[in-house]
Each structure stands twice: as structure tokens, then as C-alpha cells.
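Remarks on the structure that follows.
The values are calculated or read from the model by the stated rules, or taken from the named source; none is laboratory data. None of these values were measured; they are calculated from a predicted model. Glycine gets a Cβ as well: all are built from the backbone with ideal geometry, and neighbour counts include every protein chain shown.
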């Protein structure tokens, strides 16, 4: 499949790049011609060149003008496989309709930060991707100038064609590509003025879209290499338990079963990295010929487990946080002014506590990986957000040097942070090593949901002091969670209140936890923005005006120095959504909530409308203003914003992961509720601020605030505040 | 193990599997038709949706021994070249994010439109409610179903 093709190609580029000292020499692609066959379902109108020239790690140009751009970062649905190559193509001044995008494998020589996380791919890659395209364009111009015997300054480009206006001559990129490889690019390359962008800022469809709608093999679970066996793991039934003994005789004779082995992903003396989160290092693996046969053996195997550490109950975990917040001072993270005195002087004090449960990631494609480990080599293919960290882990666990490890990323059926933690890939590699066969490790949905790196439960208490005119005098936050508080002490309203204090309390668990789309922000934004709505009400002020007056203070006389936001941009999105939603207009039967948040370097403000339909509140419309700087691909950017909103509404309303005696109480979608079609908003309108600033995060920022827009609208609809997620669990939703 | 002759995407295919094997795994493991996705295995997510005699069915709950002469259509057989109105509408609206659930969404939507040429919002919500999209592309899915209905 294409993964293998990409992998061979990638190896070739790597060798070539090394030989050319970074910038590549021309090369003949005929040797690899069979593997290079352009997939016509991606670009039906492209013809295959007879010769390719690779100009750098990202770019190859065919002699007919077709351009191949490598997409370096893992694709989890955030659309970087389209948007990152768009940036390269922009500065190359290519014709996007002549571009083929290929997923790169892990290649630390040619690419930087091959990670899908923190909404940072575009922000981090922006300058380098532009420079890569512009450098290649410069080489093409130098070659064209020599061929036409003119100076480079006399030439212009557009859509893959070089023009010499004075002589009315033109040359296609394909005509000079092989010559271009002989030139060296200058150190300083002039980049385009954003107003001249011809690709960036224009709606561009997903490069894999046509393959997706035809069901082409794109995902890790679709990998089908010759001779591959199916592997599955059996993990302990509860956090705090471990393997005692197993009776593999019970399943070894079952149809299609070839091997039953024990593996340990944390061999003695090995130092784990941050990405090696895993509660169950020792596992039983069952290997066989087909998925169904291995599934049946997995049900039949007899294994004894034993307790190792405490078996936790979610109710106790939450009670611990409640007790700690009520009875203890936390570690002081920030203090401005004299909060104690200000609270004592306040005319009115509002204090509320907000709680949210553990959440599973539940990517639609369960964890899986292909591995073929031989005596001195490891080849891995699959869905991983952190291939560069996986490589280091594999080197340590397998005892195979990095240069003999190859990792190819497939398109991923969702990430949401779950595939930052690649223990499943390490497990696949260890199983392959143990049984001496190529294997594809497949998690069942139950394995996936009950062996998570969950979003931890959080609890936070907010306290606000108001003077008699409803001005915010003092603000206190005390948060608890794992591995620490969910509070960002330097984010708003820090800087907008004279007397301000943040305290953090850490709680412990033996349940594996990790990053989940917009870590910490995904909880704290909903808590903070729900609280501000209640404080605005106590102050007798409109919730938007109340926030704007705080931003005004942060702009004119900011308190403290380390405030982690730009108050003007923050206020800007609120003003924009206020205008677009026609805030202040009353419609009978429509109940509105507002919320705004800043994370991943981007600003989002939302207005959400609820109507009561039958007995149930229904989210009708969401208006969302976003300031993420330059929008690379508006069509896909809107999709990300819409998705984050639906995801945020769904988890705030319906989802929870709970544990009893260490055992997950949810195991599949019959008892873990995810938002569905009928519950999604009828419409989501997205408005981007056009300010020409370099792009910032987009995959995460629309999720955190929406839970509060929902809670605040629900309050208007049913007269009840919502403090405990998921809101839909509260039987008295209608008051 | 037993031998079965199945009608898949208009072709006769022979396979030798255990009789309790779900069609999902026959398609994926034996026939390498991997467009049909595994999501939950208990008919709760819709990722494995196929057509059986034109009706949307969760292939994880359909045993190979139950199929007999019935005609099976998978996403690979919905059209030869991606030209089915539902596939085209999905492209037009640029629906997919991760894309993993979309084959199942498309199979459910195309079965709906085969029965109901002009579905209302409620018809769409009811028919599509069994298909989870974890990325949250529901509003685009709804719009694409309407476009497909118009263009069919």
C-alpha cells in the first residue's frame, strides 16, 4: 500500500539529501518509477512525469510541471496534510491543481517537530514552510534566468510558470527543474507579501477527501502487509492490578491461534519518556491468523490477576478533591494586591465550585500498529502523534539503534491527544520481536476505552468580590487535579483585577492520565466562563459588557507583568461575536449564553442559542468569532471550529468515565455516551478576524469555551446553574 | 470453518471462515475491503455500515452464515469511481476531518436517500443518529445529505 511506497521514497530522499548537503541535486526517478505512480484518485488530471527533480526534503518537481510536496506532520483530522503543503506551494508559487501531497514518515534529518499536538503544527511550521517553498522557487528562477540569458529580477512567476515579460517568453517549472538542482539558494530569501497570497486564505479541499469517500486504505487498521498476523492484548481488569499467571493451554489449540506470549513494555533499567504513559506495562498478547479468531481466543483465555496498588473509586476521588479544596490552602501560584482584605471589604462575594469527570479519548479508530521486528531492524507503520518520541522509546525497549528503526505514519482515525502516548506501538514491536513475525496489533473498542490515558477529573473553586457598584474587586481561584491544578494563573482574569490569587492542589491516582484535546483548558474555560456569567448577574451587568470592562482595565492599567493574553484581541472577538449574533435582541423561546477563551495562542468568543424542544433543551445555533491570525485554509478552518464546538457540547452534556474498585465502568458506546447527529447544533456560524498576524492554533481553541456558552444558555432556559459535568446527567435539567 | 459463496459489490466471492464470523471481518480480513470500518463491534457507532439488499446494516452484527444469496454493497462498491451523489456531496462540503467514520456515514445516508428522496431534518437526524462522528462533523453531514438529495 501507499505507506510502503512512501517509505521507500522517503528513504531515497533521505540518502539524496545527505549526498547533496541539504539542498538536493537533480535525480532520475525512473529507478523508482513503479512505486511513484501518481494515484489518480487524488489528482485525476495529472499525468506522470518521466523525470522528477528533488529540490529539498519537501519538494520534487516533475519534468511536466507536476509537484510533489511532502507533508511532514502526523494527520489526525486537523487537516495539516492539506494546510502545511499549501504553505510550501504558496511560496513556490505552484499551481495547486498540479500538486500531489505525500505523507512523510519520521525523518528527523529533513523535518522538524513531526508532532501532532498543542495546535502548533502551523504556528511552528509557518516560517520554515514558507522559506522551503521560496527557496525552491529561487532555484527555479536562477535556472530560468540562465536559460533565457536574463537576470533573475526580470522574471516573475504565477501558478508554476516563469514569465519574462520583456521578451514575452515563459518556462514551466518542469522545464527548468533539473537545471535548478545545480544552483545554490541565497541565505536570505524574500517571502511574499500576504496580500499576494494565491493559495493561502483560499478554500482548499482535503487532499485525502476523495480517497476517504471511496473507502481507500488510509488508516493504521487498513495496513495489510504480506505475512502479517493479527495480535491483541489482554490487560488487567482494573487500575491497581497486574498479571499473576495465565493458562495459555486453554486457547493454544483454538482455530487460527499461533502464539500466546507475555510482554513487558518497561524492561528493567529503562528510563521512560513523557510519552510513555502506561498503567499496564505487563500484558498478555494473543497472535493469530484473523481478527475474529483472535477475538474469540481473547474471550476464552484464563488469566489470574492480583492487586498491586489501591483500587480507586471515582466517588472517593471526587470527595478527596472536595475535602482538599474546602480544608487546605493550596500552593500559591500568583498573588496580586491583597485579596484577603479585598474580599473582607467587598459588598458582595460569590463563591462556586465546578467539577468534571475523567474522560476517554475514544478516537473512532481504536489504537493499533503494524510492526515487523527482526534481529537488527524494526519497521513500524501506524497512527502515532509523536513518532520522534516513539523512535527513542523503541530504541530503548527493543535494543535496536535508531538508524535501524523506521516509522511511517498513517492517516489517523482521530487523535485528540490519545496517540501522543505510543505504548500500543511499543507493544506491537515487542510482540513482533517475541513471535518473530510481522504483526498488526489491534485494540478492541473495549481495550481502547478501558486502557486509556484519560483526561483527569478536575475541581475548581472560584471566588469573586464585588463592590456596591458591581465592580470586580477581588478574584480567587483554587484548583485541583492530576498531575496538578487545571488553572492557568496568568490567563484572564489575571491582569484585570487588582486583588487576585491562584492556589493549586495536586491529587494522586494510579489511573493513567494524559493530554486530551486542549488539556486543562477543556475544563477550566467552562468553569471560569460559567462563573463570570454568574458574577456578571450578581453585579447586575450584561455578561458581555462585564467582560469588556475587565478587558478595558487590562488594556489601560494591567495588573502584574506576566499576563498571558492580549486584551485587545480578546475583547475583539467578544465584540465581533456580539455584533454577529445580534446580542441584546430578544427572541421569544430563544435562550442565549456567551463565553470567550484564549488558548493555543488563539482567541475565541461564542454565543450559543438554546430552545426548549418538547421537554429537552436543544442547541439551535452557535455563533463563533475566532482570532487565530492568518487563516491558511478557511474551509477546513471552519470545519475545525465546528468540530471543536460539537465535541465540547457533547462532552459537557453527556460524557463521563468512572471507576469502581479500579475498574472502568464504561467500556463501549452503549454506556459511554458521545454526542450524536440529533443533538448537534442546527447551525454553526464562524467569523474569523482578518488581521494578517502570523497564524496560531486552530485544532483546539474552539472547544474549551463552548461548555460555558451552553451552561449559561441553559441557565437562561431553565433557571438553574450547572456546576457538574456532564450536565445531561442531572435528572432535574429542567429545574 | 465452512465455505461460503457471497455476492459482494456485484461479484461472486468465495471464502472459508468460521460460521459465526461477522461480515465486518470477512470484508476486512478475507476480502481486503477495508473501507468498511471497525469502531465498536456492538452496533453502537455505525462505522461498519454496509448495504444488504439495499438496506443499511451494521456488518459487525451480521454473521457470514446469515447472508446467503443477499446482495452486499460496501463503500468500495457504492460507485466505481466515487461518482455517487452522496460521495460527491461529501467532497463538495469537504465533510471529513479524520475521515474514519465517513464511509459508514455515507452508506447510511445513501440507504436513506434510496428510500426517501427528500428527507426532512428530522428524517436525517433519525436515520443518521446511529453513526457517531467523533470529530463532530454533524452539521456538514446534514448539509451534504441535503445536497445529495437535490443532486440525486
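Key figures
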quantity	calculated
Matching residues, segment B:1-17, being at the interface with chain A (Cβ under 10 Å from one of its Cβ atoms) and without any contact (Cβ under 8 Å) to a residue 40 or more places away in the chain	B:1
Count of residues meeting criterion [surrounded by fewer than 22 Cβ atoms within 10 Å (Cβ to Cβ), touching a residue at least 40 places away in the same chain (Cβ under 8 Å) and either within 22 Å of residue A:449 (Cβ to Cβ) or out of contact with any strand residue (DSSP E or B) (no Cβ under 7 Å at 6 or more places or on another chain) (or both)] in segment A:674-685	2
Test: residue in segment A:656-665 that is at pLDDT 95 or above, within 12 Å of another protein chain (Cβ to nearest Cβ) and either in contact with a helix residue (DSSP H, G or I) (Cβ under 8 Å, 6 or more places away or on another chain) or under 28 Å from residue A:122 (Cα atoms) (or both)	no
Strands (runs of 3 or more DSSP E) within segment A:246-326 that include 2 or more residues buried (at least 20 other Cβ atoms within 10 Å of the Cβ) and more than 14 Å from every other protein chain (Cβ to nearest Cβ)	A:257-264, A:282-288
Residue match in segment A:622-632 (condition: more than 8 Å from every other protein chain (Cβ to nearest Cβ), on the phi > 0 side of the Ramachandran plot, assigned to a loop (DSSP other than H, G, I, E, B) and out of contact with any strand residue (DSSP E or B) (no Cβ under 6 Å at 6 or more places or on another chain))	yes
Qualifying residue in segment A:476-483 (condition: touching a residue at least 60 places away in the same chain (Cβ under 8 Å), outside the structural domain of residue A:518 (by TED's automatic domain parsing) and over 26 Å from residue A:80 (Cα atoms))	no
Flag if residue B:88 is at the interface with chain A (Cβ under 9 Å from one of its Cβ atoms) and either in contact with a strand residue (DSSP E or B) (Cβ under 9 Å, 6 or more places away or on another chain) or farther than 23 Å from residue A:220 by Cβ (or both)	yes
Residue tally, condition within 27 Å of residue A:614 (Cβ to Cβ), out of contact with any helix residue (DSSP H, G or I) (no Cβ under 8 Å at 6 or more places or on another chain) and not in a loop (DSSP other than H, G, I, E, B), over segment A:566-591	0
Scan of segment B:110-129 for residues that are within 8 Å of another protein chain (Cβ to nearest Cβ) and either within 19 Å of residue B:48 (Cβ to Cβ) or in contact with a strand residue (DSSP E or B) (Cβ under 9 Å, 6 or more places away or on another chain) (or both), ordered by number	B:128, B:129
Which listed residue is under 30 Å from residue A:691 (Cα atoms), crowded, with 19+ Cβ neighbours inside 10 Å and touching a helix residue (DSSP H, G or I) at 6+ places or on another chain (Cβ under 7 Å), from A:215, A:209	A:209
Matching strands (runs of 3 or more DSSP E) fully within segment B:1-85 where at least 3 residues are modelled with pLDDT of 95 or more and within 19 Å of residue A:669 (Cβ to Cβ)	B:55-58
Test for residue A:639: is it in a loop (DSSP other than H, G, I, E, B), at pLDDT 95 or above and farther than 28 Å from residue A:588 by Cα	no
Hits in segment A:369-394 - residues which are touching a strand residue (DSSP E or B) at 6+ places or on another chain (Cβ under 7 Å) and either modelled with pLDDT under 95 or assigned to a strand (DSSP E or B) (or both)	A:369, A:370, A:371, A:372, A:378, A:379, A:380, A:381, A:382
Residues (in contact with a helix residue (DSSP H, G or I) (Cβ under 7 Å, 6 or more places away or on another chain) and farther than 27 Å from residue B:2 by Cα) located in segment B:48-87	B:78, B:79, B:82, B:84, B:85, B:86, B:87
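So that you can scan it fast, the table gives a plain yes or no per residue for (1) within 11 Å of another protein chain (Cβ to nearest Cβ); (2) over 15 Å from the mean Cα position of the chain (by Cα):
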position	(1), (2)
B:25	yes, no
B:29	yes, yes
B:42	yes, yes
B:52	no, no
B:55	no, no
B:70	no, yes
B:81	yes, yes
B:93	yes, yes
B:97	yes, yes
